[in-house]
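J.: Please see the structure below; I have some questions.
The values are calculated or read from the model by the stated rules, or taken from the named source; none is laboratory data. Since this is a predicted model, take the numbers as computed values, not measurements. No Cβ is skipped: glycine too gets one built from the backbone with ideal geometry, and neighbour counts run over all protein chains shown.
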Amino acid sequence: MSFRKYKRYVEEGDVVAIHMGRDTLKAVTVVKDEIQSNKLGSFPHNDWIGREYGSKVYSKKGSFVYLLHPTPELWTLMLPHRTQILYLADISFISAYLELKPGSRMIESGTGSASFSHSIARTIAPTGHLFSFEYHEERANLARQEFKDHGLDDLITLTHRDVCKDGFGLSDTVNAVFLDLPAPWEAVESAKKAFKQHRTGKICTFSPCIEQVSKTVAALNEHKFVDITMFECLIRNQEVYSVKKLTVDHAIQNIRHMDARRKENKAKAKRSIDEVNEEEPVPVSVSPVDEDDIPDMTISRTRLEMKGHTSYLTFATFLPVEAGTAPAATE
Amino acid sequence: MSAALETATVPAITTEDDISEDFPHIKADQCLFLTLPSGNVKQITLKPDTKIPLGKFGTFKANALIGQPFGLTYQILNNSGDIKPVRNTALEDIESTEANNREIFDSKDAQKLTHEDIEKMKREFPDEADEESIIKKIIESHSSFEKKTEWSKAKYVQRKKKKFSKEFTPMRPTLYSVAEYFFERNPEKIGFLRVDTLAQILNFANVHAEARYLVVDDTQGLLISAVAERMGGYGQIMGIHDGLSSNYDVLRYHNFSKRVLDTISTLPWTMVDKDEPTSDGWVEFTEEEFEALTDREKINYTRRRKTVKRIEAARAILNEGGFDGLIVASQYLPMSILDRLLPFVAGSRPVVIYNINKEVLIDAFLHMRSSNEYVGVQMTESWLRRYQVLPGRTHPEMTTSAGGGYILSAYRTFDTPNPHLEASKSEEQSEAKKAKTSE
């Protein structure tokens, strides 16, 4: 299954990311004899099977799409939104702060549309495990099926549960906890028990409102988490263009050209009324600026729109329990 | 190409990965980051049977820390350097009172104790002059301490604690803590690569275990160690480097296990070209020829042979091609890197290039946008803001980093020709041939 490990060639059953130009992406499951019809044309799946990922495939009328290998990053851009999702800026920062790597064991609540879940599974594979909790039954079922379809169900245990009411039901199990809940402070106590008790752990809560942050910080402090801090992270895109190196000299040349043209037209008009008048001077013609002669320069600028806010990321460290860690004896 | 090509080998402290260990505590000879009460971070190597000096904060026995957990705060108990874990004071609950600063006069004379008085106290009563009693005495001799608001008092106590505490907190070196340490202390060394940008590079490049990555790292190893951590010892990393040997100094700060370090192979830029010979005039000896050498010659030969074999093995890995990603943080112009390394990258795999200056990236951006060998070309910049979160006093930090660099990313594609055109072309050709022969 293509989500689990990189493949070179497309096989039946793979989920392929079709790139349709202008960075439009669509997830399509490869089925023999099926045809992918979209605004660009018709693309039979049989043309894809056995092709190298990254290839272009064409419709009969000459339009084309690229076959891209699914990744959690592409999935985030293509997935069906059942809830508000996390994007790369927050996903990557949280993954780094929570020290995720192969072997990490982590709690995520709530699963939502599983954007972050796909990224976590990829980061902690092959030896780690994600315990994901979703309190909405239908969303839980959809996510569970998705993990199965994407070959991730050995890495992710999805539980339908209201963790604020009933806790996580885990103890001494995880290195990291991520809470994307309306009231994350209600889950802090249960989260604390879930950490592996003999080593440091990290917790992150994801809240759009500052009031939620205040309540969460109070709860973290009450439960003796340390190094409590909070971040915002946003990405903005840069656009790059090629422009002509226009100067005021070009402007002056153009004005002179326009001036000369006007004089020439006046003279022409006058000549057509009187006969040719030998004493009237012939206006000098001035050619306009030829843009092809002007060298290019490459420039860049920030795109006009950017995300203003996703959520506040509150982090804290769980400390190992002191009992049982007797200091080393003196020499 | 005849000089010795020795890699800067990083010693593996353990064969275990800390995540799979049951008791992943501090080990001998490990690199540690110690957070001091002043907020500064001191980097040390925990050599056994030594004493570790922490300047004015004291000295402690290295052996006392071996086997202890990361993250706890340890207090230095006495001049012998014994330590014990103490409670790490988080935000203490501070209630507001009626006090305000209206009647407080800012004056140096408010505090009666001088620096000399305090030093005298420490010398005459070394055991009594512990942190708490010194601070208590300082508070007692401050003429307007009681008038301060509770917040102001807490801040005052905290400031004094920073000066007189004999405590430290060992931090586990991770992708995050190492990146933060260098960005704060020596950003130029790591190409000004800020931790949020580094994290984004790893995600754009889909870095994960059991894959193979080509890395060009001019950040003295920060990038390659982040990739190595995310691969956890599964897969391969090929680092193409400047100079005769790689300079991945940052690697040693991570205390990587042997498994993780073994995933990294390196080659200098000259070895990328298939036609470049591995060694000039080096010949492998037969057993008899080897025995005939002097002891000195034997040592030199063996060393040289080891290097040549290592380079040959690394070249074999590179020439397999089909890498799952190309990740670059380099001073060199991206097009010159892509021209040489793109052929080694498999289809649909990410190409991710970082630079602190966007001008270095913009020409490559235009080329990639107009090329059929890349899709999804974008250039991004990250904005990061940290907040202080205290009850009633939550606000963004007063100082922050202004820029974290730029990332140019894309997916590698193939400019596959249109088979329908080819088919109709050859149909036309065979029709034309038929027509001709029938004439």
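J.: Quick one: which of A:39, A:61 is surrounded by fewer than 21 Cβ atoms within 10 Å (Cβ to Cβ), within 12 Å of chain B (Cβ to nearest Cβ) and farther than 22 Å from residue B:351 by Cα?
T.: Matching residue, one of A:39, A:61: A:61.
J.: Would you be able to say whether some residue in segment B:194-206 is more than 12 Å from the chain's Cα centre (by Cα), under 22 Å from residue B:321 (Cα atoms), hydrophobic (A, V, I, L, M, F, W, C) and in a loop (DSSP other than H, G, I, E, B)?
T.: Yes, some residue in segment B:194-206 is more than 12 Å from the chain's Cα centre (by Cα), under 22 Å from residue B:321 (Cα atoms), hydrophobic (A, V, I, L, M, F, W, C) and in a loop (DSSP other than H, G, I, E, B).
J.: Another one. Does residue A:167 satisfy being away from chain B (no Cβ under 11 Å), touching a helix residue (DSSP H, G or I) at 6+ places or on another chain (Cβ under 8 Å) and at positive phi?
T.: yes
J.: Looking only at segment B:309-325, count every residue that is among the hydrophobic types (A, V, I, L, M, F, W, C), under 19 Å from residue B:275 (Cβ atoms) and surrounded by 15 or more Cβ atoms within 10 Å (Cβ to Cβ) and tell me the total.
T.: Total meeting the criteria: 4.
J.: List, please: which pairs have Cβ atoms under 8 Å, are six or more places apart or on different chains, and start with a residue in segment B:327-343 that is on the phi > 0 side of the Ramachandran plot and at pLDDT 95 or above and end with one that is among the basic types (Lys, Arg) and not in a strand (DSSP E or B)?
T.: none
J.: Something else: Does at least one position in segment B:371-382 carry a residue that is within 8 Å of chain A (Cβ to nearest Cβ), part of a strand (DSSP E or B), touching a strand residue (DSSP E or B) at 6+ places or on another chain (Cβ under 7 Å) and loosely packed, with under 15 Cβ neighbours inside 10 Å?
T.: No, the conditions are met nowhere in segment B:371-382.
J.: If you scan segment A:42-58, which residues turn out to be more than 27 Å from the chain's Cα centre (by Cα) and either of a type in the set (Lys, Arg) or surrounded by fewer than 18 Cβ atoms within 10 Å (Cβ to Cβ) (or both)?
T.: Those that are more than 27 Å from the chain's Cα centre (by Cα) and either of a type in the set (Lys, Arg) or surrounded by fewer than 18 Cβ atoms within 10 Å (Cβ to Cβ) (or both): A:42, A:44, A:46, A:47, A:49, A:50.
J.: Another question, if that's okay. Yes or no: residue B:227 among the hydrophobic types (A, V, I, L, M, F, W, C), within 14 Å of another protein chain (Cβ to nearest Cβ) and under 18 Å from residue B:345 (Cα atoms)?
T.: Judged against the criteria, residue B:227 is a match.
J.: From the residues in segment B:242-299 that are in contact with a Cys (Cβ under 8 Å, 6 or more places away or on another chain) and of a type outside the set (S, T, N, Q), which one is surrounded by the fewest Cβ atoms within 10 Å (Cβ to Cβ)?
T.: By that ranking, first place goes to B:252.
J.: Across segment B:231-283, which residue is nearest to the chain's Cα centre (by Cα) among those that are among the hydrophobic types (A, V, I, L, M, F, W, C), farther than 26 Å from residue B:70 by Cα and part of a helix (DSSP H, G or I)?
T.: So, considering only residues that are among the hydrophobic types (A, V, I, L, M, F, W, C), farther than 26 Å from residue B:70 by Cα and part of a helix (DSSP H, G or I), the one nearest to the chain's Cα centre (by Cα) is B:269.
J.: Of the numbered conditions (1) modelled with pLDDT of 95 or more; (2) within 25 Å of the chain's Cα centre (by Cα); (3) among the aliphatic types (A, V, I, L, M), residue A:35 satisfies every one except a single condition; which is it?
T.: It is condition (2) that residue A:35 fails.
J.: Name the residue, out of B:352, B:328, that is within 12 Å of another protein chain (Cβ to nearest Cβ), crowded, with 19+ Cβ neighbours inside 10 Å and not in a helix (DSSP H, G or I).
T.: Among B:352, B:328, only B:352 is within 12 Å of another protein chain (Cβ to nearest Cβ), crowded, with 19+ Cβ neighbours inside 10 Å and not in a helix (DSSP H, G or I).
J.: Still on this structure, please answer the following. Does residue A:179 qualify as being in contact with a helix residue (DSSP H, G or I) (Cβ under 7 Å, 6 or more places away or on another chain) and within 24 Å of residue A:80 (Cα to Cα)?
T.: In short, yes.
J.: Within segment B:298-325, how many residues turn out to be closer than 27 Å to residue A:3 by Cα and away from chain A (no Cβ under 14 Å)?
T.: 3
J.: So, one more: Among the basic types (Lys, Arg) and free of Cβ contacts under 8 Å to residues at least 24 places away in the same chain - does that describe any residue in segment B:281-299?
T.: Yes: segment B:281-299 contains one or more residues that are among the basic types (Lys, Arg) and free of Cβ contacts under 8 Å to residues at least 24 places away in the same chain.
J.: Taking segment A:189-212 only, how many residues are buried (at least 23 other Cβ atoms within 10 Å of the Cβ) and assigned to a helix (DSSP H, G or I)?
T.: Residues in segment A:189-212 being buried (at least 23 other Cβ atoms within 10 Å of the Cβ) and assigned to a helix (DSSP H, G or I): 2 in total.
J.: OK, next. Test residue B:394 against the criterion of being more than 7 Å from every other protein chain (Cβ to nearest Cβ) and of a type in the set (Val, Ile, Thr), and give yes or no.
T.: In short, no.
J.: Being over 25 Å from residue A:315 (Cβ atoms) and crowded, with 24+ Cβ neighbours inside 10 Å: is that true of residue A:77 here?
T.: Judged against the criteria, residue A:77 is not a match.
J.: Okay, moving on. Residue B:228 passes all but one of (1) free of Cβ contacts under 8 Å to residues at least 60 places away in the same chain; (2) surrounded by fewer than 24 Cβ atoms within 10 Å (Cβ to Cβ); (3) not basic (Lys, Arg); which number fails?
T.: Checking residue B:228 against (1) free of Cβ contacts under 8 Å to residues at least 60 places away in the same chain; (2) surrounded by fewer than 24 Cβ atoms within 10 Å (Cβ to Cβ); (3) not basic (Lys, Arg), the one that fails is (2).
J.: Also: Of the conditions (1) part of a strand (DSSP E or B); (2) free of Cβ contacts under 8 Å to residues at least 60 places away in the same chain, residue B:213 clears all except one; give me its number.
T.: (2)
J.: Tally the residues that are in a loop (DSSP other than H, G, I, E, B), in contact with a Ser or Thr (Cβ under 7 Å, 6 or more places away or on another chain), under 20 Å from residue A:235 (Cβ atoms) and within 12 Å of chain B (Cβ to nearest Cβ), restricting the search to segment A:64-88.
T.: Number satisfying all stated conditions: 2.
J.: Where in segment A:108-176 are the helices (runs of 4 or more DSSP H), entirely inside, with at least 1 residues that are under 21 Å from the mean Cα position of the chain (by Cα)?
T.: Of the helices (runs of 4 or more DSSP H) lying wholly inside segment A:108-176, those with at least 1 residues that are under 21 Å from the mean Cα position of the chain (by Cα) span A:115-124, A:137-149.
J.: Out of curiosity, is residue B:399 at the interface with chain A (Cβ under 7 Å from one of its Cβ atoms) and among the β-branched types (Val, Ile, Thr)?
T.: Against the criterion (at the interface with chain A (Cβ under 7 Å from one of its Cβ atoms) and among the β-branched types (Val, Ile, Thr)), residue B:399 does not qualify.
J.: Related question: Of the residues that sit in segment A:276-331 and are among the β-branched types (Val, Ile, Thr) and under 25 Å from residue A:217 (Cα atoms), which one is modelled with the lowest pLDDT?
T.: A:321
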